[in-house]
Amino acid sequence: MRAAVITQFNQPWELKTLPDPRPQPGQVVIKIHASGMCGTDLHVHHGRFGLTPPVVAGHEPVGEIVELGAGVTDLRVGDRVGVHWSQKGCGRCRTCQSGNQYACAKAQSWMNIGGGNSELMLAWASGCALLPEGLAYEAAAPIFCAGYTVMSGLRNADPKPGERVAVLGLGGLGHLALQLSCAVGLETWAITGQANKTAELKSMGAHEVLVGGKEPGTAMRDAGGFDVILSTTNSAVQIASAFGGLREGGRMVNMGVADGPIAINPLLLMMGQRQLRGSSQDERRDLIEALEFVAAGKVKPRLEVYPLIQVNEVRARLEAGQVRYRAVLTHG
């Protein structure tokens with residue numbers, strides 16, 4: 001099989017021919033049709049995950065099952081599936097026994113058996129999710145990380161009917177958070193520092209677009225404040241400022257990796273029962289619901305699509321901040 005291989009960190013990835021994988025009991029082999037590229041792939045590229053090269057990355061893979069390992073009964077050859085990050089827990093710890101295998105400290109992922117930037121990929125059957133009928137592979141790929149993450153963040157914000165939601169950081173994750181919040185019927189505002197994005201964000205469903213400038217919290221307070229803030233920005237300064245835009249009882253859910261310490265005003269945190277929460281990929285139902293919203297056309301990922309042979313150009317665009325929302329590699 002052909003694969004994009006990280007042979008050295010901080011060096012171009014190499015297209016190599018590797019042996020075709022064979023499934024062990026409980027595993028499947030997937031013919032990959034598309035795989036998303038994510039900011040996390042840059043962390044892998046720079047060696048920040050403790051992995052040892054050679055590494056095949058890619059944690060937003062979707063494709064067709066071509067082989068089943070022994071004991072796999074819930075999936076079939078020909079099924080269209082994607083693979084999420086945490087594929088299999090240890091099965092024996094309290095977390096797994098409580099039904100939360102995705103949160104197991106010893107959960108296995110693509111880092112254990114190889115990622116999706118390849119023609120064929122091994123995966124644990126428990127880590128696969130069926131794609132809704134009619135959903136294109138390219139549109140499904142980014143939902144297995146970005147969409148899953150923000151759907152979990154939205155649920156963990158515990159929004160109530162009639163509450164007002166703000167989305168801060170309108171990039172690869174944020175543009176999906178905006179659409180998902182609108183899809184569940186919440187009044188959702190886009191908070192941006194770029195006035196020229198107003199029309200585009202409105203086209204994604206934003207009820208209002210607020211140009212926040214360097215102090216988004218001030219602009220948010222002046223606009224009446226928000227009950228929920230879904231933050232996907234990497235800017236610690238923006239996060240700290242935006243926290244001041246919460247109404248009493250408001251919840252800010254942080255889903256971005258901040259570029260430094262987040263200096264929240266302690267009085268704002270204490271007074272008014274405001275909360276700062278963290279969230280990443282949580283319950284599996286969040287992934288399934290996000291996929292269904294995309295399949296129904298209520299959420300439309302904005303994509304740049306490239307063939308696998310351009311993996312290094314795509315990675316360079318991602319690192320330079322030039323990708324418009326999400327990048328997807330096709331493996332046709």
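Which length gain, in nm to one decimal place, applies between Asp222 and Glu208 when the Cα-Cα distance is subtracted from 0.36 nm times their residue separation?
Here the segment from Asp222 to Glu208 would lengthen by 3.7 nm.
So who's got an amide H within less than 5 Å of the one on Val299, skipping anything under 5 residues away but keeping other chains? H placed 1.01 Å off N, in plane.
The answer is Val294.
Tell me the label only: which of [x] 86, 41, 32; [y] 60, 43, 38; [z] 64, 47, 41 is Cα extents along the principal axes in Å as calculated from this structure?
[y]
From the phi of every residue in the stretch 26-43, what ³J(HN,Hα) in whole Hz does the Karplus formula 6.51 cos²θ - 1.76 cosθ + 1.60 yield, where θ is phi - 60° and glycine or proline is x?
x, 10, 10, 10, 10, 7, 7, 9, 7, 9, x, 10, 10, x, 5, 4, 5, 4
Quick check for me: using +1 on Lys/Arg Cβ and -1 on Asp/Glu Cβ, what's the dipole size of the stretch 148-278 about its Cα centre, in debye to the nearest 20?
120
Taking 0.36 nm per intervening residue step and subtracting the Cα-Cα distance, what contour gain separates Leu15 from Lys31 on full extension?
4.1 nm
Which one, Leu318, Gly224, Gly116, projects farthest toward the positive side of the charge dipole computed for the chain from Cβ point charges (K/R +1, D/E -1)?
Looking along the dipole axis, the top candidate is Gly224.
Provide the FRET efficiency to the nearest 0.05 for the Ala199-Met111 pair, computing r from the beta carbons and using R0 = 35 Å.
The value I calculate is 0.30.
Quickly work out the Phe49-to-Ala258 label distance, labels modelled 7 Å from Cα along the C-beta direction, and quote it in nm with one decimal.
If labels sit at Ala258 and Phe49, their model points lie 2.5 nm apart.
Which residue, chosen from Phe243, Ala190, Gln275, occupies the Cα position most advanced towards the positive end of the dipole of the stretch 148-278, where the dipole is computed from +1 (Lys, Arg) and -1 (Asp, Glu) charges on Cβ about the Cα centre?
Ranked along the dipole, the leading option is Gln275.
Taking loop as defined by DSSP and a crowding limit of 12 other beta carbons within 10 Å, which GluC sites (Glu not before Pro) in the stretch 237-289 fit?
Sparse-neighbourhood loop GluC sites (Glu not before Pro): none present.
Give a quick list of chymotrypsin sites (Phe, Trp or Tyr not before Pro) in the stretch 59-146 that DSSP marks as loop, anything other than H, G, I, E or B, with at most 12 other Cβ atoms within 10 Å.
Hits after loop and neighbour filter: nothing returned.
Near the amide H of Met37, under 5 Å away, which other amide H atoms are found, from residues 5 or more places off or on another chain, if H is placed in the peptide plane?
Ala327, Val328, Leu329
Is it possible to state the helix-based mean residue ellipticity at 222 nm for the chain, with each DSSP H run of 4+ residues giving -39500 (n - 2.57), the sum divided by total residues, to the nearest 500 deg cm²/dmol? What is it?
Calculated at 222 nm, the ellipticity per residue is -6500 deg cm²/dmol.
When the dipole is taken about the Cα centre of the stretch 54-168, and only Lys, Arg (+1) and Asp, Glu (-1) are charged at their Cβ, what size is it in debye, to the nearest 20?
600
Could you run the Karplus curve 6.51 cos²θ - 1.76 cosθ + 1.60 with θ = phi - 60° over the stretch 60-69 and give me ³J(HN,Hα) per residue in whole Hz, x for Gly and Pro?
Values, residue by residue: 10, x, 9, x, 10, 5, 10, 7, 10, x Hz.
Which whole-Hz couplings ³J(HN,Hα) result when phi for each residue of the stretch 185-198 is put into the Karplus expression 6.51 cos²θ - 1.76 cosθ + 1.60, θ = phi - 60°, listed in order with x for Gly and Pro?
Here the 3J(HN,Hα) series is x, 9, 5, 10, 9, 9, 10, 9, x, 10, 4, 6, 9, 4 Hz.
Among Leu329, Leu18, Ile264, which residue has its Cα positioned farthest towards the positive end of the charge dipole of the chain, with +1 placed on the Cβ of Lys and Arg, -1 on the Cβ of Asp and Glu, and the dipole taken about the Cα centre?
Ile264
Are there trypsin sites (Lys or Arg not before Pro) in the stretch 192-240 that DSSP puts in a loop and that have at most 16 other Cβ atoms within 10 Å, and which ones?
Qualifying residues, ordered by number: Lys214.
Could you tell me the relative contact order of the chain? Use alpha-carbon pairs under 8 Å, at least six residues apart, and round to a whole percent.
18 percent.
Suppose R0 equals 35 Å. What FRET efficiency, 1/(1 + (r/R0)^6) with r the Cβ-Cβ distance, do Ala296 and Thr330 give to the nearest 0.05?
0.90
Which whole-number percent gives the relative contact order of the stretch 126-223, counting Cα pairs below 8 Å spaced six or more residues apart?
Dividing the mean separation by the residue count of the stretch 126-223 yields 20 percent.
Compute the FRET efficiency between Asn234 and Glu304 as 1/(1 + (r/R0)^6), taking r as their Cβ-Cβ distance and R0 = 22 Å, and round to the nearest 0.05.
That pair, Asn234 with Glu304, gives E of 0.65.
Calculate the dipole size of the chain relative to its Cα centre from +1 charges on Lys and Arg beta carbons and -1 charges on Asp and Glu beta carbons; express the result in debye to the nearest 20.
400
No value in this document is a laboratory result; all are computed from the given coordinates. Remember, predicted model here, so these are calculated numbers, not experimental data. Glycine gets a Cβ as well: all are built from the backbone with ideal geometry, and neighbour counts include every protein chain shown.
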